[in-house]
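As structure tokens, the structure follows; a few thoughts come after it.
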Amino acid sequence: MLKFRTMRIDTPELPSHMINANDWLTPVGGFLRKTSLDELPQLVNILKGDMSIIGPRPPLPSQTDLIEERAKYGANDIPVGLSGWAQVNGRDELPIAVKAKLDGEYAAMASLALDAKIVFMTVAKVFKHEGVVENEVPEPEGATE
């Protein structure tokens, strides 16, 4: 899927939540990510029919844990989207298992009404900058304080 480059070319091939993203951002990368403008080129993917407006976010090939977890819920069987149920319910703050379950819930109950709700929730979250977690490496699931 198309995106504006926000990370340097020498960035490790890991999901951004597994590294300190601030160490790898391009000069404008932080702004693009915070405002979600890095996703804007995906409108071309939508027009080409490669993705939908609403659906599970496309995983990176290195996110095998997310892909495998989504398979349990049938979330890999529907088109990926620009925004989705998991994004408006926590986005980067969610553990993989929860994100996959939410993607599966969307796959099971997808409708025009739910898509409209997700669009409105997405706009609100983007304006409030909610759910974006950068430069934090989360503790492994099950870790206690």
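The values are calculated or read from the model by the stated rules, or taken from the named source; none is laboratory data. The structure presented is a predicted model; accordingly, all values stated were derived computationally and were not measured. No Cβ is skipped: glycine too gets one built from the backbone with ideal geometry, and neighbour counts run over all protein chains shown. Side chains are part of the model used for accessible areas, which takes the heavy atoms of the whole protein and leaves out ligands, DNA and RNA. Shrake-Rupley method; radii C 1.70, N 1.55, O 1.52, S 1.80 Å.
Details
- Here Thr35 and Ser111 are evaluated by their C-beta separation; at R0 = 30 Å the FRET efficiency comes out at 0.55.
- Pairs from Lys72/Lys125; Lys48/Lys72; Lys3/Lys34; Lys72/Lys99; Lys3/Lys48; Lys48/Lys99 whose Cα-Cα separation, in the structure shown, is over 24 Å: Lys72/Lys125; Lys48/Lys72; Lys48/Lys99
- Unit Cα scatterers, Debye sum, the chain: log10 I(q)/I(0) for q = 0.12, 0.22 Å⁻¹: -0.49, -1.68
- The chain, accessible surface, carbon-and-sulfur percent (1.4 angstrom probe): 61 percent
- Summary value for segment 40-99: 40 percent relative contact order, contacts being C-alpha pairs under 8 angstrom separated by 6+ residues.
- The mean sequence distance of close C-alpha pairs (under 8 Å, at least 6 residues apart), as a share of the length of segment 1-47, puts its relative contact order at 59 percent.
- Span-like helix ranges in the chain, DSSP H, alpha carbon extent 18 angstrom or more, Kyte mean at least -1.0: 96-109, 112-128
- Accessible area in square angstrom per residue, the chain, 1.4 angstrom probe: 60 Å²
- The chain, relative contact order [Cα under 8 Å, separation at least 6], %: 29 percent
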